[in-house]
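Accompanying notes for the structure given below.
The values are calculated or read from the model by the stated rules, or taken from the named source; none is laboratory data. Because the structure is a prediction, the values reported are computed rather than measured. Here the Cβ positions follow ideal geometry from the backbone for every residue, glycine too, while neighbour counts run over all protein chains shown.
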Amino acid sequence: MQVILSAGVVTALPAVPRFVRAQAVRGGKVQVTWRYFPNAEQGEGAPGVAHEARIYTNGGSGVVDYSAPMDTLYMAGPTTSGSYSWTSAVLLSGLPYMFVVRIATAAWPAGIETQNTDAVSATPNADEPDAVTLSLEVV
């Protein structure tokens, strides 16, 4: 468990997201997925419990901007490991986007968040066709 000292108070950080991936999906969007493994000593309401995931991006150019997340995803303080997924709005096609997922203890802008900087990237493609839908009817 990581701890930080703020105004004389020691606060536990949530666990860092793991196995983060980004991939282009139809319609010029990007889907970011990750696994979250809460710290073993955390129970419901304990310090460092994951309230939300904050998705930061480089906006298609430059470096990742950590001044405000592109979006957030409510995580509900998980006490067991789980998989999470977030899909962007339509992005500019053909530009490589970088994403960083950080976990926070409260809703933006409050809370303590992890300080990981490992970025994943994907390039949206607005021309990607819709996925083929297969169906089966049992008679």
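Considered as a group, the residues in the range 16-50 that are within 30 Å of residue 89 (Cβ to Cβ), touching a Gly at 6+ places or on another chain (Cβ under 8 Å) and part of a loop (DSSP other than H, G, I, E, B) include one that is modelled with the lowest pLDDT, and that residue is 49.
Do the conditions hold for residue 53, that is, is it at pLDDT 95 or above and either small (Gly, Ala, Ser) or more than 13 Å from the chain's Cα centre (by Cα) (or both)? The answer is yes for residue 53.
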